[in-house]
1. Each residue of region B:437-453 in turn: what ³J(HN,Hα) in whole Hz from Karplus with 6.51, -1.76, 1.60 and θ = phi - 60°, glycine and Pro shown as x?
2. DSSP loop (so not H, G, I, E, B), at most 15 other Cβ within 10 Å: list which chymotrypsin sites (Phe, Trp or Tyr not before Pro) in region B:508-613 pass both filters.
3. What is the order of B:K446, B:K56, fewest Cβ neighbours within 10 Å to most?
4. Using a 10 Å Cβ count of at most 11 others and DSSP loop calls, identify the longest part of chain B lacking such GluC sites (Glu not before Pro).
5. Counting only residues 5 or more places away or on other chains, whose amide H sits under 5 Å from the amide H of B:D321 once H atoms are built in the peptide plane?
6. Could you derive backbone 3J(HN,Hα) for region B:585-594 from the dihedral phi with the Karplus parameters 6.51, -1.76 and 1.60 (θ = phi - 60°), listing whole Hz in sequence and x where the residue is Gly or Pro?
7. Sequence-distant or interchain residues sharing an amide H contact under 5 Å with B:C221, placed H: which?
8. Can you put B:T155, B:T148, B:T267 in order of Cβ neighbours within 10 angstrom, beginning with the fewest?
Amino acid sequence: MPEANKRSSRPTSRVVNPRSLKVAGLIILVQALLKVAVGIYNIVTSGRALGGLDPLGGLPIPALTRVFVLGAINILIGLVFFWVAVGTLRRRPRSWVLGMSAQSVALVVSLVSYLRGRPDYSTMVLGAAAVFYLNLREVRQALMPAEVPTLEIAEVEAA
Amino acid sequence: MNAAEKLALLHRYEPILRFTRGESFYPCAVETYVAECGLYVQVPRRPVERLVTEGKLTLAHLGEGRDRGPQAIYFLKFIDPLNLAEMARYRLQRGIEDLRERARRFSVGRARLARVGYSSRILDAIYSLTLLLRGRVPGDTAAAAALTYARMQRTQECYTYYGRVVQEAGWTILQYWFFYPYNNWRSGFHGVNDHEADWEMVNVYLAADRSGGLAPRWVSCASHDFSGDDLRRRWDDAELEKVDGHPLIYVGAGSHASYFMAGEYLTEIELPFMAPLVRVQELLQRFIAPPSPGPTESAEAEPSAVLNLLRIPFVEYARGDGAALGPGQEKAWQPVLIDPPPAWVERYRGLWGLFVHDLVAGEDAPSGPMYNRDGSVRRAWADPLGWAGLDKVLPPGRVAPALRDEIRASAEAYRRMARQIVTKRRALQRLGLRLSAIEPRSFLSKEREALRKEARVRSRELAQLQTGLTRQRDTGEALRALALRVRQGELGSPRAHLGRTHRPMPPLPRSVSLLADAWSSISISFMLLGLAVLILAHASFWALWLVALVVALGLVEAGLRRQFRGYIGTLAMGLAIVTTLILLGRFYAQVIAAVAIAAAVYLMWDNIRELAS
């Protein structure tokens, strides 16, 4: 039998991602996209205002700078979320700790905003949902491969 | 068995006790202790009355069996606290001795507070404060006791145990009782309590071997007020160390509790008023589960492995690096037989040391080997088998005949059930016959209903009998399999009876331990200082700042203890729950509507799918 055929006849060994892991990854991905979008919007609008092209131009320069910095921070957080989302979907061992840390920061920020009368409900909803999903036993197990043996399709099929 | 035979048997298996460096008190003879004591009685609402003055008390006085009513509490008083000059002299002497003999000095290991969270540290501070309100042994009594004990030993050095031999249900139980003049766990080793007098005990359980002689099978030892299966180890268990056929026991520093393994044990006490909160915490922890442990972690997790926020931790040092007493060691035992029990054991139900009116009773002296503090008989004395959970275990020589009886009884029960089933099935079949005969006759409808009802009842009974029969068969098979294993000489796992055993704390890297120790001793002060700053600075959102402070301190702690993953998981879950509650409070109408819409859509989809199929 040719070598190529031999290889193709072997059962493919692929790690199965639990559905909750996919959902958690997707939620964090949505958070990442939202943060990046808000960040870009902030930077663009503040930039246009600084160039005198926008009604925001009425704001004093320190306030506009704050909007700009806020935009940059949002993009940064969005990138971290993106990294976590990819790590989660690809079962990177540190993504659970990183994800929980990032969600904690995001939830603290959203709670402080809420207490100061500027609630951001979408961030709150997504943050809480992401944490609940990350806390699910199967997600934790999937992201800590050293401690729990992974389930492989070949094994399932063999069974 | 006469006294000489009993003493010989006790001598054959007498345990070796290994102490921790820094221990001040060892098992001694009660005569010399009692000679230093006075006898007192406390009748409620009356002043304490001295019955026998110090220096004149003997064991005969204790055996007189006084009775001033059920409320009266008799107690001994061993020590008068030192005056200032004596105390200073003692401290100086001790300091010089420690400097001279560093190798014999006790050094604290990992601080107990480094093992637990902030809530336990705060509770610990509260517990320490309660000692000011509760009755307790005066602080310098331990020093005075140590001096008196040293004088007693200089006069006549002896290390005594009090032995008895109990024969019960095929077992021969050797009980070794040890009397210590003082328990200085709190003042000497940062433990829970101090009290005058301390009775501890080790049991060796013997049973007949094939040659008809007695062979050791189990060992159990007293550890605080615990009882049950976890206190005993089988003779062939690797955890039970032996030296020339003598079991090795490690004694807790100051507390004199006994352990089978050398090490430092984390003992947690739960304050009674915190019990409901502890239950709530346990429920919450089941929901907010920390990252799951690896599959290699055994079910025998030590209690300290569980996050106990509301219990106060105490470290018990049973290192075994100090003096050793017993056969082949630097000091040998002087056995005293208390079988049958002498009058001072049987008739004196009072306390063997100072009664300080402690509400928790931890600082009151214990009673003698036979009695509890309240005057009732100790279970360890009256029922040494049941006390160690051995009352359900047969001596090895009796297992095979008992199994034969059990198999025979099981087979008989099986046959009886099978016969019952045959009889009942026949009756039910005849009933069915009658039922089918009258079925078409409408004018016999009443009889038909009655027969149907009876058939239902009988059918249910038959089904129950069938289930019982299969269970009986399985039980019989299990018994036969056990009999086969017993015939082959298999004893089963020596640890099968163990539930949640107390194990020494696992070692930590020295660097981590040092940092965690240092942090644990200053963290509460940091928290209080932060609180003071917030109050003085009139910070807006001060509650939020306080939470932030606690969280930040927790982060440092978790990092030092390498528990960052668990901490961040719990923190994130806490924040998510708070956020969810806020969202539910704000959007409860929309949430209910969304749930209703989702349910409606699902039901519609499900019904339409059924229709289409």
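Just so you know, all these numbers are worked out from the coordinates, no wet-lab data involved. Because the structure is a prediction, the values reported are computed rather than measured. All Cβ positions, even for glycine, are placed from backbone atoms using ideal geometry, and neighbour counts span all protein chains on display.
1. 6, 8, 3, x, 7, 5, 6, 9, 4, 4, 4, 4, 4, 4, 5, 4, 4
2. Details: sites: B:W519, B:F526, B:F541, B:W542, B:W545, B:F564, B:Y567, B:F587, B:Y588, B:Y602, B:W605; in loops: B:F541, B:F587.
Listed in order of number, the matching sites are B:F541, B:F587.
3. Numbers: B:K446 8, B:K56 11.
With the fewest neighbours first, B:K446, B:K56 line up as B:K446, B:K56.
4. On the way: sites that count: B:E101, B:E157, B:E297, B:E330, B:E490.
Here the longest segment lacking exposed loop sites spans B:331-489.
5. Correct list: B:R21.
6. Taking θ as phi minus 60°, the curve returns x, 7, 10, 4, 5, 5, 5, 4, 4, 5 Hz for region B:585-594.
7. B:N203
8. Values: B:T155 9, B:T148 17, B:T267 22.
Exposure proxy ranking, most exposed first: B:T155, B:T148, B:T267.
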